[in-house]
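Only one structure is covered here, and it is reproduced in the block below.
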Amino acid sequence: MSLVKAVEEGFKKEIPAFNIGDTVRIHVKVIEGDKERLQPFEGTVIARKGSGVRETFMLRKVSFGVGVERIFPVHSPSVSKIEVIKHGDVRRAKLYHLRSKKGKHAKVKEKSREAVKAAAQKASAE
Amino acid sequence: MTGILGKKLGMTQIVAEGGKMVPVTVVEAGPCCVIQVKTSEKDGYSAVKVGFMELKKEKNMTKPQLGIFKKAETSSYKFLKEFPMDGFKIGDLIKADSFSIGDFIAVSGISKGKGFQGGMKRHNFKGGPASHGSTRYRAPGSIGASSYPSRVWKGMRMAGHMGCDRVTIKKLTVVDVRPEQNVILVKGAIPGPVNSIVEIRKG
């Protein structure tokens, strides 16, 4: 499969490290007629699926009391920017249980600053 | 026409222009060496015999095989195939760069074996009702009339062996060509399992 992987590598983008439970803001390219603009979408990462160039992530937010979920390919050129706003402290790989929760219970605990620092140091050491 | 032998390496997705994901099959296409050139004067028809996947060791070949390559004075190959082409001479290498982006190609291969399958999977029969007391869920239904013909017509579609057939898919598009890796990317699926040998024809 190495040649298949090599094909995939060429289409990968540089993306910041983000995990399940993180709050991220992404800028989506939207084409309206012949104009192109960037539309921000902010939400909690509740799932990451797939690998290589096919990897996708699912963002959930509650907008005016209505739950909104959108799935984006990680390496899609229409996702122009990914900003990590908060690091979430979670013990699950999929946060689908947030769908049935409301208000305070639907919040993801934020990772302590020390933990984030330690993780960053560990990553840079590697 | 250009014909080449290739190896199916697997499928993936790539990002096309406009940010759309396109499903592609990665095929190792060639290089294929011309082993024999058949002419209408000598053989009654014109064709080019090509070899694919070089064999390094003599012990892995049969003696009749060895004879072919000794006569052609080329290196030995595992797979041989004829294509109705002209304009080649013995020893020429046909490579992936004989295809270009946007070409329509036809790909033939041996499809995946499915074993003994019923009528619903093999011939897309509808089967029986699923509920209301029915018990004939996947049965084929009637296979003919009664006193005439008093037998089943030849060629009646029934359960049986499925797959392992030679399948050709025409009008596939070449999305990308990478001559340095002998790789072409074909939009969509091609017949056969991964690592199977396929024929690729253009024009």
Restricting region B:3-18 to residues that are at pLDDT below 85 and surrounded by 14 or more Cβ atoms within 10 Å (Cβ to Cβ), which is farthest from the other protein chains (Cβ to nearest Cβ)?
-> B:Ala16
Count, please, the residues in region B:19-32 that happen to be facing another protein chain (nearest Cβ under 9 Å), modelled with pLDDT under 90 and part of a strand (DSSP E or B).
-> 1
Per the list (1) more than 19 Å from A:Ala6 (Cα to Cα); (2) within 10 Å of another protein chain (Cβ to nearest Cβ); (3) surrounded by 15 or more Cβ atoms within 10 Å (Cβ to Cβ), residue check on B:Ile35 breaks on (2)
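Take the residues in region A:1-43 that are part of a strand (DSSP E or B) and open to solvent by less than 30 Å² (accessible area, probe 1.4 Å), then tell me which one is nearest to the other protein chains (Cβ to nearest Cβ).
Selected residue: A:Val28.
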Would region B:140-149 turn up any residue that is surrounded by 11 or more Cβ atoms within 10 Å (Cβ to Cβ), assigned to a loop (DSSP other than H, G, I, E, B) and touching a residue at least 60 places away in the same chain (Cβ under 8 Å)?
-> no
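Scan region A:62-115 for residues that are of a type in the set (Lys, Arg) and either closer than 30 Å to B:Ala16 by Cβ or open to solvent by less than 50 Å² (accessible area, probe 1.4 Å) (or both) and jot them down.
Answer for region A:62-115, where residues must be of a type in the set (Lys, Arg) and either closer than 30 Å to B:Ala16 by Cβ or open to solvent by less than 50 Å² (accessible area, probe 1.4 Å) (or both): A:Arg70, A:Lys81, A:Lys94.
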Only one of B:Val194, B:Val167, B:Val152 is within 14 Å of chain A (Cβ to nearest Cβ), hydrophobic (A, V, I, L, M, F, W, C) and open to solvent by 30 Å² or more (accessible area, probe 1.4 Å), namely B:Val194
Please indicate, with yes or no, whether at least one residue in region B:52-61 is within 14 Å of chain A (Cβ to nearest Cβ), touching a residue at least 12 places away in the same chain (Cβ under 8 Å) and either open to solvent by 50 Å² or more (accessible area, probe 1.4 Å) or under 25 Å from the mean Cα position of the chain (by Cα) (or both).
-> no
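The values are calculated or read from the model by the stated rules, or taken from the named source; none is laboratory data. What you see is a predicted model; the values in this text were computed from it and never measured. Using ideal geometry, Cβ is built from the backbone for each residue, glycine included, and neighbour counts are taken over all protein chains shown. Accessible surface areas use protein heavy atoms only, side chains included; no ligands, DNA or RNA. Shrake-Rupley method; radii C 1.70, N 1.55, O 1.52, S 1.80 Å.
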